[in-house]
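A.B. asks: Submitted below is the structure of interest, expressed as structure tokens.
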Amino acid sequence: MAGLASDGVNPDLSLLHDINGLAKDAPSWLDRTMEFTGEYGIMLAMVLVVFWCWWSVRRRGTAEDSVVAVAGLIWAPLAAGIALLVNIPIRGFVERPRPFVDHRGIEVLVAGKTDYSFVSDHATMAMALAAGLFVAHRKFGFAAIGLALAEGFCRVYMGVHYPTDVVGGFALGTAVALLLAPLALALLTPVVSAAAGSERTGRLVRSRRVPATGWAGRHETLDIPEPRTEGSGAGENDLAA
């Protein structure tokens, strides 16, 4: 299984050399930038997109839209975690070495990578987050997909993955996020809906300053009314009598 990429006429290896070859001709500052971007930068940007999406959905659309979107946002990191767990037996079964182990002339920007190469954890996690975010909100989902594609390019540029490692990670992350989304949302949506009606957690789902059309089609907010003191209703009824 280790020989998924071999010398000769191999598009995978050829594309690796084409992309990684850019690092050989690039100035050192660009390589350092790509190293940080591929290891940490894009994943940090993905987290910011998730928080930006959460902030936006709390203030726009109906209350029902906010509940569904927040449930999707919760699912996105859960999907990434599940995809990484699924990848553990895959990597152990395929046992594909890193490209710089089997091939000379690879410009490696990140040293110390001793685990197996297929599939890429970074690509898997990035695309799982992006697909989960797409379920929650299309516009932010497209932005996250763009970041995930950039992550895949960086991993090959850095010389730590074959292109097929990245494609496999994209496929795994997308499959986990989309195939399990119906079940995940069926479980998460009632929980988020209950949180929306809570005094303590309602603002995590819907901004209290934003009125919206509720589930029954009536104009309402998620504000919780002040509880009435016991006996006050009885006194009013006595006076009315």
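Taken together, the values in this text are just the output of simple stated rules run on the coordinates, not laboratory data. Keep in mind the model is a prediction, meaning the values are calculated, not measured. As a convention, Cβ positions derive from the backbone with ideal geometry for all residues, glycine included, and neighbour counts pool all protein chains shown.
A.B. asks: Taking the Cα centroid of segment 93-107 and of segment 61-89, what is the distance between the two, rounded to the nearest whole Å?
C.D. replies: Value for the Cα centre distance between the two parts: 33 Å.
A.B. asks: So, one more: Sort D115, D121 by Cβ crowding within 10 Å, fewest neighbours at the top.
C.D. replies: Lowest to highest Cβ neighbour count: D115, D121.
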